[in-house]
Amino acid sequence: MRLAAYGFAYRGMVVKQVRRFLRAWVQNLLPSVVTTVLFLVIFGHLIGRELGTMRGVDYADFILPGLIILAVATNAYSNVTLAFYGARLQRHIEELLVAPLPAWLIVAGFATGGVIRGLLAGALVALVAIPFTNLQLHHLAATLGIALISALLFALAGLLNGLYARSFDHTSVVATFVLTPLIYLGGLFYPVERMPEPWQSLAVLNPLYYMIEGFRYGLLGTGSFAWAATFWVLVGATLVVGGLAWALVARGVRIRT
Amino acid sequence: MTAAAIALQSVAKRYAGGRVGLANVDLEVPAGRFLGLLGPNGAGKTTLVGLLTTLVRADRGSIRVCEYDVATQAVAAKACMGVVPQEVNFNSFEPVGEIVEAQAAYYGLSPRRARERTGEVLKQAGLLDRREQSAWGLSGGMKRRLMIARALVHRPRVLLLDEPTAGVDLEGRHATWELLRGLNADGVTILLTTHYLEEAETLCDTLAILDQGEIVARGDTGELLHGLNVQTLVLELNAPLDAAPALEGLAMRLTDRWTLEVDLPQGMEVNDLFDRLGASGVRVAGVRNKRNRLESLFLQRIAERAAAPPGRGT
């Protein structure tokens, strides 16, 4: 009985989250699409023609997996950050806190909203890339698995940001100054093995490197290591971040007095 | 014996910075009662509601709602409560119907049942025609009614209302009163905080007065009012007076030549007063209370507490 009630509550939270980002879909979904088209036209074609192939594929094809995973991660992250911070700011987080919902369900509701937006943005980016690239699907499980776990990981990380943010500035600081640089330095535009030391060794410490390489393997069949290992590392990171988010929400940090 | 719908035992809350929210409060509201919680600003009313809803965490003490401990059985305790907060706390960009339907879902109602109940409570609150409209466009009074509708969507056994009629016009306030009376008649236990003493006197069968985090008076509304030390009557005179008459044991003063104020001590009947005034040649055309009786009680208890040595409650 309680399980059915939790199911309806979860559905209610997810519907609310999806409606929230679809109400402003131009602002929430199109920027990733526009950025991707610009990257593919400028770097993929205009500059990429001069570069030739990379790991045996056209440069536009090489950067596409990174661009998709960039869209997935940033959309999942910012969706939950803004949704959670907005709920705290406008106090409608109280609608959830006074309801008979365990903390893990509240975390799951917000995270699912972020995952849906992240995957939707990734799918749109892949769709608009079709005219500019030879989009392939080498390994379905790797592609979907890495995309899904990346979206979940970043959605949960976004919840932590939304929990601790004290102003709207704080909701974009991590995405702008941490997340995006890590993705760019994680081998989005180049194979990490071409970097000089010590940068190549440092890149191995960048978690985004594994996401990009794993996803690149899923689409192109080319990568530095086994995608399954990447997947399980991401699962581990997701459990850690998710556990932290659950513990903070359960303790009421920044949301109860 | 009726089970307590709400029970607080030795509950204390101190905020960061040292401000006392509640100091060792004991309070019990039997099922089916209508409790009015009164107190000046900062007395601890909202803190008490926050503690019941788990939005505020107690430093110590036990809090039970519908016999469930809110600390250890929070999900079960919250399932039987409906909450109307003091401040608007819904997403104003969402349509009215979506706000209520979402809340119904959070309480475990199926989508079909949530839609049905949303229609019912919006109709009850007079907002059915606004169902598709964004909450942004609602007036202040309508927003308050929306929060009441939202709190009722899952048919709570206990309803907590934190100043639900603040800023609501007279018509809206009376409509809310009717709604609350009906719910209480149906067996819903209600805890209402308010600054409108007339509202508390009209609606509540039980009262508690909070001041600086402590309960300084509590009991049945009638009994508390009966215990007033003194009430001030305003008499409209049939003929003007130049000076207030001197009657033993009665404090009287003229506010103008046609109006006499009398402090009527506890135990003296109004009939006695009129007899003595009549014997003095004073004829009375009309009489009214200077203050609402509850207002007198409220001010009396707050004043008693202010005069008491520190640490001594009433």
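Once label points are set 7 Å from the Cα along Cα→Cβ at both residue A:34 and residue A:205, what is their separation, rounded to one decimal in nm?
According to this spin-label approximation, the distance is 3.7 nm.
Leaving out ligands, DNA and RNA, calculate the buried accessible area for the pair A and B with a 1.4 Å probe, summed over both sides, in Å² to the nearest 100.
Summed over both sides, the interface buries about 2700 Å².
Using a simple spin-label model with points 7 Å from Cα along the Cα→Cβ vector, what separation in nm is obtained for residue B:236 and residue B:303?
Each label point is offset 7 Å from its Cα along the Cβ direction, giving 2.6 nm.
Per residue, how much accessible area does the stretch A:66-198 show when a 1.4 Å probe rolls over the protein heavy atoms, in square angstrom?
37
Using a 1.4 angstrom probe with every protein chain in place, what is the largest-first accessible-area order of B:94, B:120, B:214, A:197?
From most accessible down to least: A:197, B:120, B:214, B:94.
Scan the stretch B:185-276 for chymotrypsin sites (Phe, Trp or Tyr not before Pro) in coil per DSSP, keeping those whose Cβ has at most 16 other Cβ atoms within 10 Å, and list them by number.
Answer in residue order: B:258.
Can you tell me which of A:142, A:83, A:237 moves the most in a GNM of chain A? Springs connect C-alpha atoms under 10 Å apart.
Ranking A:142, A:83, A:237 by mean-square fluctuation puts A:237 first.
If DNA, RNA and ligands are ignored and the probe is 1.4 Å, what is the ranking of B:211, B:275, B:256 by accessible area, most exposed first?
Ranking B:211, B:275, B:256 by accessible area, largest first, yields B:275, B:256, B:211.
Summing -39500 (n - 2.57) over the DSSP H runs of n ≥ 4 in the protein assembly as shown and dividing by its residue number, what mean residue ellipticity at 222 nm do you reach, to the nearest 500 deg cm²/dmol? Working shown, then result.
Details: 22 runs with 291 residues, N = 571.
Taking each H run of at least 4 residues, the total per residue is -16000 deg cm²/dmol.
Count the net charge of all other residues whose Cβ sits under 15 Å from the Cβ of residue B:28, scoring Lys and Arg as +1 and Asp and Glu as -1.
Once positives and negatives cancel, what remains is -2.
Label-point separation (nm) for residue B:284 and residue B:269, each offset 7 Å from Cα along Cα-to-Cβ?
According to this spin-label approximation, the distance is 1.3 nm.
Under the definition of partner shielding as Cβ atoms of other protein chains within 10 Å of a residue Cβ, what is the mean value for peptide B:42-53?
Counting Cβ atoms of other protein chains within 10 Å of each residue's Cβ and averaging gives 1.
Relative contact order for chain B using alpha-carbon pairs under 8 Å, separation at least 6, rounded to a whole percent?
Dividing the mean separation by the residue count of chain B yields 19 percent.
By how many nm would the segment from residue A:239 to residue A:176 grow when fully extended, if each residue of separation counts as 0.36 nm and the alpha-carbon distance is taken off? Walk me through the numbers on the way to the answer.
Working: separation 63, 0.36 × 63 = 22.68 nm, distance 2.41 nm.
Extending this stretch completely gives an extra 20.3 nm.
Given a 1.4 Å probe, how much area per residue of the stretch B:73-131 is accessible, in Å²?
Working: 2120 Å² over 59 residues.
With all protein chains present, the stretch B:73-131 gives 36 Å² per residue.
Compute a Gaussian network model of chain A, connecting alpha carbons closer than 10 Å, and tell me which residue from A:11, A:19, A:194 fluctuates the most.
Between A:11, A:19, A:194, it is A:194 that shows the largest mean-square fluctuation.
Please work out the average accessible area per residue across the stretch B:230-294, using the 1.4 Å probe convention, and give it in Å².
Ligands and nucleic acids excluded, the figure is 59 Å² per residue.
Would you please give the residues with an amide H less than 5 Å from that of residue B:284, counting only those at least 5 places away or on a separate chain, with H modeled from the backbone geometry?
For residue B:284, the qualifying residues are B:238.
Net charge around residue A:115, counting only other residues with Cβ within less than 15 Å of its Cβ (Lys, Arg = +1; Asp, Glu = -1)?
+4
The values are calculated or read from the model by the stated rules, or taken from the named source; none is laboratory data. The model shown is predicted, which means the values in this text are computed figures rather than measured ones. Virtual Cβ from ideal backbone geometry, glycine too; neighbours counted across all protein chains shown. To get the accessible areas, we keep the full protein, side chains included, count just its heavy atoms, and leave off ligands, DNA and RNA. Shrake-Rupley method; radii C 1.70, N 1.55, O 1.52, S 1.80 Å.
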